Amino acid sequence: MNRLVMLTFLVAVLTSGTSTTCGEDPITYSLRVTSSLSGKEVEFEAAYLFNGSNPVLQVVRQSTPFETRADGEIGMGIFRKTGGDGQLVVELVAARGDKQLPSHRASGDAVVFGENLVKDVPSFTKAFSWKRP
């Protein structure tokens, strides 16, 4: 049920997004997931979506390192550690054409990010940690 609510929220937010102004380059994102411990892997699952040329919800279950590229004006994702040593480190680097935009990075057992979700509200990357039973 919780996954359905999150997926519905993601789709609703991203399909109602803004578009680029005429003649403006789209934002290109580089999304990287690594372990906080050098040489160690972290297993994770994630769901993310950008409203660009491939506006499909991406679901990933794998080990670090992971890297992908996407484009669009808005994006959102959630990442959750499922095993391994260390914490997830999620980094989102953005550029519009040759101009580097602010990047975001967070580490924890779970990380969420939001890019341009609401006009004039800063993008964010937040980490959460919890003890597993």
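Here are the numbers for this structure:
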quantity	calculated
Any hit, the range 78-94, residues being over 19 Å from Glu24 (Cα atoms) and of a type in the set (Phe, Trp, Tyr)	yes
Hits in the range 52-90 - residues which are hydroxyl-bearing (Ser, Thr, Tyr) and within 27 Å of Leu37 (Cβ to Cβ)	Ser63, Thr64, Thr68, Thr82
Residue in the range 91-106 that is more than 26 Å from Ser38 (Cβ to Cβ) and free of Cβ contacts under 8 Å to residues at least 12 places away in the same chain present	yes
Condition met for Pro65 (touching a residue at least 12 places away in the same chain (Cβ under 8 Å), of a type outside the set (Phe, Trp, Tyr) and touching a Ser or Thr at 6+ places or on another chain (Cβ under 7 Å))	yes
Set Gly97, Gly108, Gly114: member being of a type outside the set (Lys, Arg), within 23 Å of Asp25 (Cβ to Cβ) and surrounded by 19 or more Cβ atoms within 10 Å (Cβ to Cβ)	Gly114
Positions within the range 32-47 being in contact (Cβ under 8 Å) with a residue 24 or more places away in the chain, out of contact with any Leu (no Cβ under 7 Å at 6 or more places or on another chain) and not β-branched (Val, Ile, Thr), in sequence order	Arg32, Ser35, Ser36, Leu37, Lys40, Glu41, Glu43, Glu45, Ala46
In the range 22-57, residue surrounded by the fewest Cβ atoms within 10 Å (Cβ to Cβ) [restricted to those that are in a strand (DSSP E or B) and acidic (Asp, Glu)]	Glu45
Residue in the range 45-66 that is of a type in the set (Lys, Arg) and more than 10 Å from the chain's Cα centre (by Cα) present	yes
Residue that is surrounded by the fewest Cβ atoms within 10 Å (Cβ to Cβ), among those in the range 58-93 that are part of a loop (DSSP other than H, G, I, E, B), touching a Phe, Trp or Tyr at 6+ places or on another chain (Cβ under 9 Å) and modelled with pLDDT under 95	Glu73
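The values are calculated or read from the model by the stated rules, or taken from the named source; none is laboratory data. Just so it is clear, the structure is predicted and the values come from calculations on it, not from any experiment. Note that each Cβ is placed from the backbone with ideal geometry, even for glycine, and that neighbours are counted across all protein chains shown.
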